[in-house]
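See structure below.
The numbers here are math on the coordinates, done by the rules we state, and not lab data. Treat the numbers as computed from the prediction; the structure is a model and nothing was measured. Virtual Cβ from ideal backbone geometry, glycine too; neighbours counted across all protein chains shown.
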Amino acid sequence: MKSVMFSKTAAALAVALTVTTLTLPNVVYAKKLDKVSILYNKFTVYSNGFITAPAIDPKTGEERSYTIFHFPKEQYNNKAALEVALKEAVLEKIAAEATQADIDRQEAELEVRKEAYMTRAKSVNKVTVDPKTGAWNFEYLHSAYDIEDINGYDKVSFRKRTFYPPNFIEPVVKSMVKPTSNGEFEYTYSVANGKNAKQFIEKIFVSSNINLTVTPIPVTGQDARWFDQQHKACKPRISSPKNVISLIFCNSDKGIDYQWYTVGTDAKTGESKQSGIYPGQRWDNLRLTVPHLPSVLPMHLEGFNDNDFAPQAILDVESPAKDKLEQLLNTIGKEVPVIAPQIAIPKPYSGAELAKRIKADMQTWIVKKPGYELQTGNELITPNTLVALNRQFDLLIPALERKDKAAVRGIAQTILTQLFTPHTDLDHHKFIEDDEKHNTTPKRRLAIAADASVTNTATMEPLHRVAARALGFNLMYLITQSEKGR
């Protein structure tokens with residue numbers, strides 16, 4: 001492409017460069033100006049070593065300024081060398097402008113094709129849900145290339161695909177917490193999968209904002225040192241039965257994520273394969289030990305599916321179909337409320353400060369969190385119950401500040417009564433471990449229509465039982481410390 005263009009402009013270029021042919025004078029240096037010297041009033045030399053010179057643009061016939069880069073200072077008085085350098089500068093600029101013009105043309109063409117593709121996709125792309133199987137069905141335009149690649153619009157096809165979400169599980173979870181001899185708290189979970197489930201439970205994880213005071217080594221790429229440090233800092237805090245893998249990810253800014261999973265072996269091939277809690281099975285003794293008091297967090301569980309694609313990757317155009325998909329993605333997996341570490345004990349210890357933290361955490365049981373668009377009806381406490389508990393905590397906090405043991409006992413008894421009222425068989429012994437019949441199932445009840453619209457049909461209760469247990473456990477800790485005079 002360049003050789004053709006250069007041959008067309010060679011004659012015009014030769015004529016254009018004669019304009020700059022002058023007798024070379026001695027170099028005159030300026031003292032303060034950025035321009036160090038001026039040659040013939042045509043070639044201007046700058047302090048960075050660049051030279052600008054005028055020549056005629058072969059395309060327009062107009063005079064333009066061209067730049068000669070890094071011209072040797074000792075060659076300033078070499079007329080022939082200057083002319084050759086100027087010719088090269090003109091040719092380079094012509095080539096650069098031609099290349100840029102070609103880029104501009106391609107980008108304009110890309111925008112036209114992209115707009116046509118997106119317009120068509122908005123009307124074609126659809127997502128529906130099979131009411132019998134629960135499968136997600138997609139109809140969409142598919143490009144053979146990235147839609148930012150101009151070639152991608154030459155091979156656009158219409159496709160249909162089916163996605164089976166990892167939701168066909170029936171999780172039942174028992175969560176327990178007890179103090180350890182060294183002042184920490186051991187959290188233990190048992191997870192079962194109902195016998196009528198259609199998938200085995202593949203993923204189990206909980207996210208907490210607690211800080212385990214881990215300072216990661218700065219990571220460059222896949223720096224193994226960072227993972228080694230994470231392992232050393234966190235691995236002793238998490239455990240599981242044989243053949244179940246425990247993982248904990250510590251982040252000093254965002255808290256921790258902890259999870260359990262397993263990998264089985266194919267009986268025929270001997271190769272590794274995905275495995276988990278099959279229908280009718282149960283995992284016990286999934287443990288985590290940390291120095292934090294409990295709250296209630298969602299344990300997220302997902303079933304196994306063998307889909308070979310991600311739904312969000314095929315609907316890449318803003319459209320009603322993509323909006324529906326975004327809502328569907330929020331329904332992936334099942335979430336079960338569990339007792340989990342969340343509240344840091346102040347150091348040095350202050351009962352009043354700890355009570356403030358417990359009260360602040362309690363507010364999150366009703367406030368919708370960003371990203372949880374379908375949390376309506378999934379709160380752990382009703383507004384009236386929260387108001388009543390807040391009122392008692394507003395009395396408890398100053399009593400703890402005064403170290404008034406009698407007042408602390410009296411207010412705590414009132415709060416415990418409020419916890420026991422909606423759960424008549426609950427007592428302080430069950431704060432640590434509840435009866436099997438009260439094992440927890442997903443609170444969120446989602447109804448997904450054939451048009452992929454989603455509603456939450458969960459009902460409210462004054463105070464979720466797991467929340468009552470967590471709050472009761474924390475209250476007993478406050479009372480115990482108060483009786484010790486702390």
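Report the net charge of residues surrounding HIS423, where surrounding means a beta-carbon distance below 14 angstrom and charges are Lys +1, Arg +1, Asp -1, Glu -1.
Details: positive: LYS430, LYS437, ARG465, ARG469; negative: ASP425, ASP427, ASP434, ASP435, GLU461.
Overall, the nearby charge balance is -1.
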Distance-filtered residues of the range 314-347 - backbone nitrogen under 19 Å, label point 7 angstrom along ARG161 Cα→Cβ: 314-333
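Roughly how big is the range 281-327's charge dipole about its Cα centre, with Cβ charges of +1 (Lys, Arg) and -1 (Asp, Glu), in debye to the nearest 20? Write down the numbers at each step before the final one.
Details: 4 positive and 8 negative charges, 73 e Å.
Here the range 281-327 has a charge dipole of around 340 debye.
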Efficiency of FRET between THR424 and ALA360 - r from beta-carbon atoms, R0 22 angstrom, step 0.05: 0.15
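Working out 0.36 nm times the residue gap between ARG120 and GLN413, then minus their Cα-Cα distance, what length gain in nm do you get to one decimal?
Details: separation 293, 0.36 × 293 = 105.48 nm, distance 6.56 nm.
Taking 0.36 nm per residue and subtracting the Cα distance, the gain is 98.9 nm.
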Label point distance in nm, THR52-TYR349, each placed 7 Å from Cα along Cα→Cβ: 7.6 nm
Efficiency of FRET from Cβ geometry, GLU107 and LYS203, R₀ 35 Å, rounded to 0.05: 0.25
Projected label distance in nm at ALA313 and GLU74, using a 7 Å step from Cα toward the beta-carbon: 6.0 nm
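Just list whichever of LYS122/LYS334; LYS122/LYS160; LYS405/LYS484; LYS160/LYS198; LYS122/LYS322 have alpha carbons separated by over 20 Å in the model shown. Walk me through the numbers on the way to the answer.
Numbers: LYS122/LYS334 31 Å; LYS122/LYS160 15 Å; LYS405/LYS484 9 Å; LYS160/LYS198 24 Å; LYS122/LYS322 9 Å.
Checking Cα-Cα distances, LYS122/LYS334; LYS160/LYS198 exceed 20 Å.
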